[in-house]
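One structure below.
The values are calculated or read from the model by the stated rules, or taken from the named source; none is laboratory data. Since this is a predicted model, take the numbers as computed values, not measurements. Here the Cβ positions follow ideal geometry from the backbone for every residue, glycine too, while neighbour counts run over all protein chains shown.
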Amino acid sequence: MAGSKKVSKWEKFRAKILSGQCDGNIDFAELVNYLRRCGFDQRTRGSHNLFTKNGIDALINLQSDGSTAKRYQVRQIRDILIRYQIDQPKEAANE
């Protein structure tokens with residue numbers, strides 16, 4: 001298709017989070033990878049994965065629910081992406 005833009009995996013993943021329609025079906029490992037690519041620093045304490053980022057007051061505390069992220073945590077991440085206007089990871093532009 002002439003003039004069509006290729007949508008990266010991370011753009012699709014971000015859209016899935018922002019849609020709010022798949023909160024119970026977000027892969028935990030993909031979510032962790034996405035946050036790290038967006039510049040969040042990760043610490044692990046037991047089963048808790050803690051994410052922080054300069055300029056963001058919120059602490060993200062993730063725990064998996066099997067292989068998926070917990071619904072309320074996906075909602076928390078969506079709110080942070082919107083509130084702090086976090087865009088695509090820079091590395092994702094070349095994928």
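Each row is one residue, and each column tells you yes or no for (1) touching a Leu at 6+ places or on another chain (Cβ under 7 Å); (2) closer than 14 Å to I77 by Cα; (3) surrounded by 12 or more Cβ atoms within 10 Å (Cβ to Cβ); (4) at pLDDT below 95.
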residue: W10; (1), (2), (3), (4): no, no, yes, yes
residue: K16; (1), (2), (3), (4): no, yes, yes, no
residue: S19; (1), (2), (3), (4): no, yes, no, no
residue: F28; (1), (2), (3), (4): no, yes, yes, no
residue: L35; (1), (2), (3), (4): no, yes, yes, no
residue: R43; (1), (2), (3), (4): yes, no, no, no
residue: S47; (1), (2), (3), (4): no, no, no, yes
residue: L50; (1), (2), (3), (4): yes, yes, yes, no
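If you take the residues of segment 52-93 that are in contact with a helix residue (DSSP H, G or I) (Cβ under 7 Å, 6 or more places away or on another chain) and small (G, A, S), which of them is modelled with the lowest pLDDT?
Selected residue: A92.
Pick from G39, G46: which is at positive phi and touching a strand residue (DSSP E or B) at 6+ places or on another chain (Cβ under 9 Å)?
Only one candidate passes the filter, namely G39.
Are there any strands (runs of 3 or more DSSP E) wholly within segment 35-84 with 2 or more residues that are among the β-branched types (V, I, T), and if so which?
56-62
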